[in-house]
There are 6 protein chains.
Amino acid sequence: MSLIQVINPNTSAAMTETIGAAARAVAAPGTEIIAVCPRHGVPSIEGHFDEAIAAVGVLEQVALGKAQGVNGHVIACFGDPGLLAARELASGPVIGIAEAAMHTATLVATRFSIVTTLPRTLIIARHLLQQYGFTHHCAALHAIDLPVLALEDGSGIAQERVRQRCIQAKREDGSGAIVLGCGGMAALAQELTRELGMPVIDGVSAAVKMVESLVALGFGTSKQGDLDYPRQKPLSGPFQHLN
Amino acid sequence: MSLIQVINPNTSAAMTETIGAAARAVAAPGTEIIAVCPRHGVPSIEGHFDEAIAAVGVLEQVALGKAQGVNGHVIACFGDPGLLAARELASGPVIGIAEAAMHTATLVATRFSIVTTLPRTLIIARHLLQQYGFTHHCAALHAIDLPVLALEDGSGIAQERVRQRCIQAKREDGSGAIVLGCGGMAALAQELTRELGMPVIDGVSAAVKMVESLVALGFGTSKQGDLDYPRQKPLSGPFQHLN
Amino acid sequence: MSLIQVINPNTSAAMTETIGAAARAVAAPGTEIIAVCPRHGVPSIEGHFDEAIAAVGVLEQVALGKAQGVNGHVIACFGDPGLLAARELASGPVIGIAEAAMHTATLVATRFSIVTTLPRTLIIARHLLQQYGFTHHCAALHAIDLPVLALEDGSGIAQERVRQRCIQAKREDGSGAIVLGCGGMAALAQELTRELGMPVIDGVSAAVKMVESLVALGFGTSKQGDLDYPRQKPLSGPFQHLN
Amino acid sequence: MSLIQVINPNTSAAMTETIGAAARAVAAPGTEIIAVCPRHGVPSIEGHFDEAIAAVGVLEQVALGKAQGVNGHVIACFGDPGLLAARELASGPVIGIAEAAMHTATLVATRFSIVTTLPRTLIIARHLLQQYGFTHHCAALHAIDLPVLALEDGSGIAQERVRQRCIQAKREDGSGAIVLGCGGMAALAQELTRELGMPVIDGVSAAVKMVESLVALGFGTSKQGDLDYPRQKPLSGPFQHLN
Amino acid sequence: MSLIQVINPNTSAAMTETIGAAARAVAAPGTEIIAVCPRHGVPSIEGHFDEAIAAVGVLEQVALGKAQGVNGHVIACFGDPGLLAARELASGPVIGIAEAAMHTATLVATRFSIVTTLPRTLIIARHLLQQYGFTHHCAALHAIDLPVLALEDGSGIAQERVRQRCIQAKREDGSGAIVLGCGGMAALAQELTRELGMPVIDGVSAAVKMVESLVALGFGTSKQGDLDYPRQKPLSGPFQHLN
Amino acid sequence: MSLIQVINPNTSAAMTETIGAAARAVAAPGTEIIAVCPRHGVPSIEGHFDEAIAAVGVLEQVALGKAQGVNGHVIACFGDPGLLAARELASGPVIGIAEAAMHTATLVATRFSIVTTLPRTLIIARHLLQQYGFTHHCAALHAIDLPVLALEDGSGIAQERVRQRCIQAKREDGSGAIVLGCGGMAALAQELTRELGMPVIDGVSAAVKMVESLVALGFGTSKQGDLDYPRQKPLSGPFQHLN
């Protein structure tokens, strides 16, 4: 019996539900998914500022999850906000959905495309590609030019734009897989995979399987070296409950 | 119910058994492991020549596994011989153990060390690091300067050298995880992880979990683009049964 | 007349003073330095967790500085916490001290060494080198293995260790400049430059000159593209005053 | 008097002839060319699977050539299949035609374009660029979208498509040389060089000159370190004659 | 009181004036600008040959400037000809305008575009991007396809083409800043910055501020290691006055 | 009948002779070697300043060689001074000896070591490795810490130090070949290759074979694009005879 905490770093309840559902859809029989979001923060994440705010909420949730005894954590926003900080705090594994989707793509294709929301978030994806080592595995980056919450407005417009961009990516990029660049797109992956006849990868489900795998292998985040627990020190103000 | 074929690319029955055991030890309840090795080829793999020979045996086994209806394949030699060729041939996922161990290491630590057998195989690890994007995630490479089959001679000498090198790597490299650079070291990972207090990663078990995950996510190797099935053409001689 | 806000991202008043003094020592006649630190946060920054907490305080101070009409901002911690987030928030230039010191080093030498505090912070420096493009300009990284606040304990032990490491770096690394890897080392740069006969660079003073230069050139942070102001959205809880 | 073995890794007699002719056209007075192909294998090479099969045939031929006393070997397929394995086996130099063409291009131009056959082979070229160090020297890759053997069908259609793509590359890529990405294009290089007024490089002829040069300099493949002869071990089945 | 020598590496008096004016426009109150050009050399610099000639003139001027007691030097041609040689000769800082503009761009935007003169000079910019570490920070390179001296012909045609290319770069490249790739474009930066609403960076003014900053920080070129003064040796012919 | 001009970029007659002899020792029967050095310049090249001076002499000699009708040029100093400028000026091929030795090393070994003269020249080798794409192919760089002309003082001390460093490199670096980092070491390569039992590569001889090869293939320097002839313009003073 394994508990995985899936953290939506923004405060949107609808998106937390979308993400939780995607996580549960692939969870192994013995896995229970706890989908949470920060109590306070930003309703959607579309830039470095939003990420910096969200990271604190992610850490708060990781601390809560740890207290609850969860076995691992997923950070369900495509910029993987607070990932290395969360790894310091956690004893179990912590996986970001951009990380999960990118790693997964390199296992089933030689190069992949990314389809994300606003153009201003592309730089975040570029920096992650570089940090994770996948710059040369990414054939192209696309933005549908709609904000994150358009995926939750019920109109289906954003979903259709994602679909169109995936079709375009298949036609033009010469890549073998597509990575969906937002936790809010999680529900689209399976249908697009079928329609396009190629892997269209949602990071939420990919990350759940990675956490399950690491737990099964007996690996938490390494406490040898630079991801060791944060050094004890008095935190003040709104942060004092975090250490 | 899922069938995973674990292919030991060399012809050593003892090593095939070691690898099969490591795979079974982590397989999920619903997973059955089929551990095989080529009928013909090299008894151990310690260079590019050995790898080229072994790759044909790997392909043969992938073809057989596919005919048997396995859901995915593991190539259980640290050089990942024939990986991209096997991906073309297979419809399910194919994972190499160097690939699996390296990916896994980057998920639990910022940088890792590698401990392998003969110095002449280090270049193979270096090339894989570059191809997978992890050159900058590898803090150091170590060789115990013993051939692969020393791991199967029953004396325990090679195992002790691996242990010593892991201890040295922990002390000197500043890395947070250690990757074991040979399928024949699979049995050592768990004990060394405990003794060193840091993740010591065996690629065989890591690869099994990756294949399970990809199967659960519904992903095989992408047939869109450059990993599509090999183009039909008449193969001759000892290769004619392969296409 | 130009106002530069120098933000110490930790909450140590002593270090804020050290940093403010270093900034004032090089400020041009027409520049006024405002040295601040967050109201709440961490007393010292020695890892990703500390950085994530500190980043919120940095943003708070940037917002305050902007309201005060400052012309530019310096983030005076060697990990440059919150740098891109702060650039989104600010209209003027924002410079991190790691960034400033590294850029400066490449202008006076072909390769440089870094001397910092705890080994666990080396990975932060490595990631910044990669992000800024200077991986190949850094000859070696050194850690004195003492926490940040040892620089403020009045004993002089940490300072002497910095000095010894700089001497070692000069002897062994083949580099032409040394970058001091902590805002708390700002007071040492001038004396070490003299003693070693080579540039020993403190990022605080370097960053002040960069902000002055950008202001004189008429450049703030570009609002074209991905560093545009954060999209307006309701922030909740302790963050609501930030947008 | 020098003997160079030019190995066409596929089993097409027509292509072996094309390649042999290209080799002889540039061979120095004292050089004799022996053009061979494997007895068994694939009739054309258009992917990793084909390459893995072909590599065994290459090794077989290298062993035969060595027994015959040849002074060096050329692997005349643009993916350089089996190159490092062949270097282990050989005592003389071994040069791949992709390697030869890419090296040559960097000596006469700052950046080059590649024109090859099927799009699925582009990834092989990309990986070679990375391994050889020339990723940043390649301005663009083009595929004519015809299989390799179309170059041998006598219609001239493939040849005309190569020509059109070269003209396009000259117009659009800003590169100073074009590399032909298939041994079967060897006959086109000279005429296209004349027509386009820029170096259009065939790897077969370039490789022959490289082998001649290495032989003249007294260099074989280094047996110091990781390209040393394969370790003696009993090979079984169709491979037993190889060691 | 600080003296900065701004060296136009070509022999065009008109361009020396343009450059001198740009330098003076941003010089701090206490800075005096001395704008010079070589006595002999090339009237404009549009390739490596021109650069090699110009480098000698640059060194001659650096030697003269040093004799005059200047505090630092700017090399005001976008290829930064003779930069490292000049650093050996000088005791004060030496800054190239490509270097200055590229560094500055990375401080105000995540990625930048370059707009330069002739296409043949693009390779020089590419090599500098690589040497300075900014390959991944450059989104695109543009050439107006007019020679350098078209900027001095009084017709305004070249200036209009620069403007058009900057507008195109803003629309298409997704970058946050534009770097002007020629000292002769210095006069355009301020107006284009205003018109485009994004930083359009002239390297001359940026370099002046960098030299001022380094002088204020007390840094000259490091004489520790590989930028030490040239070893004394008898120079002959037209070079004998240089050492 | 082919004429190759071997240009020693320094003015040392003794070294010109050493280099000419090394070139003649490997020249093909039909090749005539013309060994020259600039009339004026530096007696040895040990830094960027020396290189900048030497580059003008190289260009002068290239122009003279071209007037004489030589078929190709070698720049026989390990920093390859003026290489791209010379390529613009020349119609035939131009090869630098660092370039030649590095390329050659990658053809016979997976990684190589460099042994050069003064430590201050190491940065030049590093920059060339980066420009040519071989950074990851170089295992280590060594300097014997003696000036270039020590190789011509008749004592044999420098030669013995080169030998010792080569032996050390073989023992410690794990590389398969050694590149000699100075034209003045040309006479040592053959003997060291024999003694060490691994390729010890002199760039002069390697470059001669490369020029011969390019000439035989019918390739000069590409005049398409950025290595086209320098644009005609009035050169003044000591440079006026160069265009």
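Of note:
- Measuring r between the beta carbons of F:Ser236 and F:Glu160 and using R0 = 41 Å, the FRET efficiency lands at 0.30.
- For B:Glu160, label point 7 Å along C-beta direction: distances to other copies, nm: 4.3, 4.3, 7.3, 7.5, 8.5
- Global geometry of the stretch A:11-116, whether rounded, prolate or oblate, following the gyration tensor of its Cα atoms and the 1.5 cut on a/c: rounded
- Residue by residue, the stretch B:136-141 carries 3J(HN,Hα) couplings of 7, 8, 9, 7, 6, 10 Hz when phi is fed to the Karplus relation 6.51 cos²θ - 1.76 cosθ + 1.60 (θ = phi - 60°); x denotes Gly or Pro.
- Each Cα pair under 8 Å and six or more residues apart adds its separation to the average, and for the stretch E:173-243 the resulting relative contact order is 21 percent.
- Other protein chain C-beta atoms within 10 Å of residue C-beta, averaged over F:84-95: 4.
- A point 7 Å from Cα along Cα→Cβ stands in for A:Glu191, and the other copies hold the same point at 5.4, 5.4, 5.4, 6.8, 7.9 nm, listed in rising order.
- Mean partner shielding of peptide E:107-119, defined as the number of other chain Cβ atoms within 10 Å of each residue Cβ, is 5.
- Take F:Tyr229, push a point 7 Å out from Cα through the beta-carbon direction, and compare it with the same point in every other copy: 4.4, 5.5, 5.8, 5.8, 7.6 nm, smallest first.
- Pairs from E:Lys233/F:Lys170; A:Lys223/B:Lys209; B:Lys170/B:Lys209; B:Lys209/D:Lys233 whose Cα-Cα separation, in the structure shown, is over 24 Å: E:Lys233/F:Lys170; B:Lys170/B:Lys209; B:Lys209/D:Lys233
- For the rotation carrying B onto E, the chain B residue whose Cβ lies nearest the axis, with the distance in whole Å, reads B:His136, 7.
- Label separation (A:Ser91 vs A:Tyr229): 0.8 nm, computed from points 7 Å beyond Cα along the C-beta direction.
- For residues of A:167-179, the mean tally of beta carbons on other chains within 10 Å: 3
- Working note: Karplus 6.51/-1.76/1.60 with θ = phi - 60° gives the stretch B:85-94 the couplings 5, 5, 5, 4, 6, 7, 9, x, x, 10 Hz, where Gly and Pro are set to x.
- Here's how it looks for A:His142: its modeled amide H is under 5 Å from those of A:Ile114, A:Val115, A:Thr116, which are all 5 or more places away or on a different chain.
- Every pair of different Cα atoms in chain C enters the Kirkwood calculation, which places the hydrodynamic radius at 17.8 Å.
- For peptides D:121-127, E:126-132, sequence by mean Cβ density within 10 Å, most packed first: D:121-127, E:126-132
- Label-point gap, in nm, between C:Arg171 and B:Lys66 - each point 7 angstrom along Cα→Cβ: 6.2
- Loop-resident sites, the stretch F:11-99, for trypsin sites (Lys or Arg not before Pro), counting at most 16 other Cβ within 10 Å (DSSP): F:Arg39
- Calculated [θ] (222 nm, deg cm²/dmol) that DSSP helices of n ≥ 4 give over chain E, each run adding -39,500 (n - 2.57): -13500 deg cm²/dmol
- Amide hydrogen proximity for E:Val6: with H placed 1.01 Å from N in the peptide plane, the residues at 5 or more positions away or on another chain lying under 5 Å are E:Ile34, E:Ala35, E:Val36, E:Val74.
- Aspartates and glutamates with Cα under 13 Å of A:Lys66, excluding same-chain neighbours fewer than 8 positions away: A:Glu88
- Cα gyration tensor shape for the stretch E:145-217, rounded if a/c is under 1.5, else prolate or oblate: oblate
- Most fluctuating residue given options A:Gly92, A:Gly156, A:Gly183, as computed from a GNM of chain A linking Cα atoms under 10 Å: A:Gly156
- Cut-off under 5 Å, modelled amide H: who pairs with E:Val200 long-range: E:Ile178, E:Thr193
- Volume per residue that the Cα convex hull of the protein assembly as shown spans, once the total is divided by residue count, Å³: 157
- Measuring nothing but alpha carbons in the stretch E:98-203 and taking Rh as the Kirkwood radius, the Rg to Rh ratio lands at 0.93.
Here, each number is a calculation from the coordinates, and none is a lab measurement. All values derive from a computational prediction rather than experimental measurement. When we count neighbours, we look across all protein chains shown, and the Cβ atoms used for this are built from the backbone with ideal geometry, even at glycine.
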